[in-house]
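Okay, structure first, notes after.
The values are calculated or read from the model by the stated rules, or taken from the named source; none is laboratory data. Bear in mind the structure is a predicted one, so any value in this text is a computation, not a measurement. In this analysis, Cβ positions are derived from the backbone assuming ideal geometry, glycine residues included, and neighbour counts consider all displayed protein chains. Calculation scope for accessible area: heavy atoms of the full protein, side chains included, ligands and nucleic acids excluded. Shrake-Rupley method; radii C 1.70, N 1.55, O 1.52, S 1.80 Å.
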Amino acid sequence: MSFAEEVKNEAAHYKPENAACRYAELAALLCMGGSIILGPKQTAGIEFSTSNNAVARKALSMWMRIFSIRPEVLVRQGLKLRKKNIYILRVIPSHESTHILEELSLFPHAGEFHNLQLKKVDCRRAFLRGAFLGGGSVNQPKGDYHLELVTGNEIFAKRILKIMRHFQLPAKITDRKGEYLVYLKEGNGVSSFLQYIGANQAYMKFESVRVLKDMRNNVNRIVNCETANLQKTVDAAIRQIQYIYTIEEAGLYDRMTMKLQEAAKLRLDHPESSLSELAEFSGLTKPGLMHRFKKIADIAKNIEGQRENEN
């Protein structure tokens, strides 16, 4: 079972707080995963389909609790490789079904939702829950953080975006091949969304994996940083030793000042030590020792420059 299915199974068992929340959740669910069926004399029905059994049962139970018309329930085997069952709820067009769809703001202008009470926080949370159940997905927390809601209705997508931003979620919207995606690609945003729709167990799982993932990334960054610093230390030590050998080969080692000879001997005695460690060994300051090595480097470079001119 994918993480997205786990979230849907948990969210599907969350009970809306009141009738207004049930309307909001059912409307978003049907708008996301359903399609309007047009009948004679300007009547309309609806067909809703999902591959998730818990979502199908949630849609049916909410519908039956609110309305008297009983939907037709069908089960079909999917055509894809996994051949998951497709659960279909169908309401045949009639004057009564048309009135119901108008109450849910799904007909004639789906997406406006003027008849729903979406000013209360609980109703907005229910609306997001229904939208996710109808057409949402979320990646496993072990991978990249990504949660998205997909719909072919631009007005509906913008309403979802508006509600998500009301909750301070960093959601964005894009269109792809005639469909509109409202998505989150930031860990805190995905985590908060799971809380808002009532998927608390999924939220805990997401957070526990995210904490371990962040800790692992922090450790890797520290190790990489220390490795880079170690490499810099080794490279600097090798250059300093090469400079000292260049001066010795030129017979100029004894002509250096005692301070420079002291620094050179310190480096040769401790070839793997960092500048800070050398300063601690010698009792000198790090800037003072760095200054001496710079003078040694200047002498060696001058010798190398003279050799190049002679050649």
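Sub-6 Å Cβ pairs linking a first residue in region 18-37 that is closer than 13 Å to residue 60 by Cα to a second residue that is among the aliphatic types (A, V, I, L, M) and assigned to a helix (DSSP H, G or I), at least 6 apart or interchain, are 22/62; 25/126; 26/62; 29/59; 29/133, ordered by first then second residue.
What are the residues in region 36-74 that are open to solvent by 30 Å² or more (accessible area, probe 1.4 Å), closer than 22 Å to residue 12 by Cβ and not in a helix (DSSP H, G or I), if any? Steps first, please.
Restricting attention to region 36-74, the residues satisfying the condition of being open to solvent by 30 Å² or more (accessible area, probe 1.4 Å) are 36-38, 40-42, 47, 49, 51, 53, 57, 60-61, 64-66, 68-70, 72-74.
Then drop every residue that is not closer than 22 Å to residue 12 by Cβ, which leaves 47, 49, 51, 53, 57, 60-61, 64-66, 69-70, 72-74.
Passing the criteria: 47, 49, 51, 69, 70, 72, 73, 74.
Within region 111-127, residues that are closer than 19 Å to residue 153 by Cα reach partners that are polar (S, T, N, Q) and modelled with pLDDT under 95 with beta carbons closer than 7 Å, at six or more positions or on different chains, in the pairs 111/153; 112/105; 113/105; 114/105; 115/105; 116/105. Given the criteria over 24 Å from residue 53 (Cα atoms), open to solvent by less than 20 Å² (accessible area, probe 1.4 Å) and modelled with pLDDT of 90 or more, does residue 171 qualify? Considered against the rule, which asks whether it is over 24 Å from residue 53 (Cα atoms), open to solvent by less than 20 Å² (accessible area, probe 1.4 Å) and modelled with pLDDT of 90 or more, residue 171 comes out as yes.
Return a yes/no flag: does region 24-33 have any residue that is of a type outside the set (A, V, I, L, M), over 16 Å from residue 136 (Cβ atoms) and at pLDDT 90 or above. It would help to see each step written out before you state the result.
To start, the set of residues in region 24-33 that are of a type outside the set (A, V, I, L, M) comprises 25, 31, 33.
From what is left, the residues that are over 16 Å from residue 136 (Cβ atoms) are none.
Scanning region 24-33 turns up no residue that is of a type outside the set (A, V, I, L, M), over 16 Å from residue 136 (Cβ atoms) and at pLDDT 90 or above.
Considering region 10-35, the residues that are charged (D, E, K, R) and over 16 Å from residue 115 (Cα atoms) include one that is surrounded by the most Cβ atoms within 10 Å (Cβ to Cβ), namely 10. Could you please find all residues in region 264-311 being assigned to a loop (DSSP other than H, G, I, E, B), under 51 Å from the mean Cα position of the chain (by Cα) and more than 14 Å from residue 238 (Cα to Cα)? Within region 264-311, 283, 284, 285 qualify.
Within region 288-301, the presence of at least one residue that is out of contact with any strand residue (DSSP E or B) (no Cβ under 6 Å at 6 or more places or on another chain), free of Cβ contacts under 8 Å to residues at least 24 places away in the same chain, open to solvent by less than 70 Å² (accessible area, probe 1.4 Å) and within 25 Å of residue 229 (Cα to Cα) is confirmed. If the condition is being open to solvent by 30 Å² or more (accessible area, probe 1.4 Å) and closer than 16 Å to residue 26 by Cβ, then region 121-150 contributes 122, 124, 125.
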